[in-house]
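The values are calculated or read from the model by the stated rules, or taken from the named source; none is laboratory data. On a predicted model such as this, the values are computed, not experimentally measured, just so you know. We place every Cβ from the backbone using ideal geometry, glycine too, and count neighbours over all the protein chains shown.
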Amino acid sequence: MTAFPNREQSDENSINGGRKKPEENLMVDGSLGEALRGAEVDKIDIARGREYALLSVLLARAPDRTLLERLANLPGDASPLGVVHAALAEAAGRTSVERVEREYFDLFIGLGRGELLPYGSYYLSGFLHERPLARLRAHLARLGIERAEGQVEPEDHAAILCEVMARLANGELPAPSGADREVFEQHLSPWIGRFFADLERAEAADFYLPVGALGRVFMEIETSAFTLAKEADSARQKEQRR
């Protein structure tokens, strides 16, 4: 995966209506998975965490000037992920803070509502704050994760789910092995690919068109990787039972 600004670099000086920074959205109860805190994190998982963190930051608020400048220098390559990184860099280089703020407003806030509703409950049930959100909250509670005081968005917002995945992948959240796969398969895979595809096609999308492409391509990569991992685990278990 191509390197790009990490969470701390991409989010500095970024504010949006008093909303807390993405890394402050969640509080973690350290009583779970304490023994895993010092575990070495695989380099691929660190790269995965950075992809999720970037998506989280871009979905939580419009990027500020500092982030746009850094995104404009994103390197690309011929891989599917590299191609969308290059497209995102090009989009960041030709937009402005004022234009992207208006675009974000039209897409996700709007007068009454934005063009898109980036919530799992909406995509899975057609309504907000429904059973998919309740199931997600119960799952996160088992992992010792809860929404921070003052965070107005529900946990099934795409930005918060990407943050959860980022912090599970890079080891910031102490959790049992395979927790990221369970969260992904149960709470992201059923809907978030459709959301990113909708973002690619949204009328108001310009800068956010390649953001949608990045999300869609990365979720396809994650789906394939988790499928292969599950098949490998199944084969290993069969071999052990022999």
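Structure notes:
- Scanning segment 186-210 for residues that are closer than 30 Å to Ala138 by Cβ and either in contact (Cβ under 8 Å) with a residue 60 or more places away in the chain or within 14 Å of the chain's Cα centre (by Cα) (or both) yields a count of 12.
- Hits in segment 123-139 - residues which are surrounded by 16 or more Cβ atoms within 10 Å (Cβ to Cβ) and over 17 Å from Phe184 (Cα atoms): Glu130
- Answer from Ala39, Ala78 - the residue that is modelled with pLDDT of 95 or more, over 26 Å from Gly110 (Cα atoms), in a loop (DSSP other than H, G, I, E, B) and among the small types (Gly, Ala, Ser): Ala78
- Test for Leu124: is it closer than 20 Å to Leu214 by Cα, under 18 Å from the mean Cα position of the chain (by Cα) and not small (Gly, Ala, Ser): no
- Only one of the listed residues (Pro176, Pro190) is part of a loop (DSSP other than H, G, I, E, B) and closer than 23 Å to Lys43 by Cα. That residue is Pro176.
- Unmet criterion (only one of (1) modelled with pLDDT of 95 or more; (2) farther than 25 Å from Asp77 by Cα) for Ala232: (1)
- Within segment 140-168, if we keep just the residues that are among the small types (Gly, Ala, Ser) and either at pLDDT below 95 or over 13 Å from the mean Cα position of the chain (by Cα) (or both), the residue that is surrounded by the most Cβ atoms within 10 Å (Cβ to Cβ) turns out to be Gly144.
- Qualifying positions in segment 133-148 - within 16 Å of Leu168 (Cα to Cα), of a type in the set (A, V, I, L, M) and in a loop (DSSP other than H, G, I, E, B): Leu143
- Filtered residue count, segment 211-242, keeping only those that are without any contact (Cβ under 8 Å) to a residue 40 or more places away in the chain, surrounded by 15 or more Cβ atoms within 10 Å (Cβ to Cβ) and of a type in the set (Val, Ile, Thr): 1
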